[in-house]
């Protein structure tokens, strides 16, 4: 398996990510090719793909990690961790998360945050095994 940073979006990659996204949520519209191009155009967000081959022809996972700085420090936020359901339980989500943590260390982030629905039992167990702790705080959302 290969994990790589996305630096170019083509139709094949856009479709693969769109297909994976449907396994994460049905309440949100999957990203379009132009959305993905905008994401990778910035240095503050890294989009990773997990593929079965080095050429990235069969994409079976994805993860994005965003970096930002505030007066309280350098931060990282992981979003949209998806491993194709056919390949779950093989340590691939762990590999994606370890790559994200490696990138966060390289960028000197003081913490890495993420959220996960309680119904995603395997994902929540993975995050805790990796050392993530449930943060006793209120997460607020304002929908625009």
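Every number in this text was worked out from the coordinates using simple rules, so none of it is lab data. Treat the numbers as computed from the prediction; the structure is a model and nothing was measured. Cβ sites come from the backbone with ideal geometry, for glycine too, and all protein chains shown count toward neighbours.
Kirkwood Rh, the chain, all Cα pairs: how many Å?
Hydrodynamic radius (Kirkwood, Cα only) of the chain equals 15.9 Å.
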For a label point 7 Å from the Cα of residue 28 along Cα→C-beta, name the residues of segment 124-143 whose backbone N is under 15 Å from it.
-> 140-143
Stretchable slack from residue 128 to residue 19, in nm (0.36 nm times residue separation minus alpha-carbon distance) = 36.5 nm
How many nm is it between the label spots at residue 121 and residue 98, if each spot is 7 Å from the Cα in line with the beta carbon?
-> 2.5 nm
How long is segment 75-139 along each principal axis, judged by its Cα atoms, biggest number first, in Å?
-> 34, 28, 19
Grab the Cα-Cα distance for residue 44 and residue 85, subtract it from 0.36 nm times how many residues apart they are, and report the gain in nm with one decimal.
-> 11.9 nm
What number, in percent, do you get for the relative contact order of the chain if the mean sequence gap of Cα pairs under 8 Å and at least 6 apart is divided by its residue count?
-> 19 percent
Okay, helix-only estimate at 222 nm for the chain: each DSSP H run of n ≥ 4 adds -39500 (n - 2.57), divide by all residues, round to 500 deg cm²/dmol; what do you get?
-> -10000 deg cm²/dmol
Can you tell me the FRET efficiency between residue 110 and residue 142 if r is taken as the Cβ-Cβ distance and R0 is 35 Å, rounded to the nearest 0.05?
-> 0.90
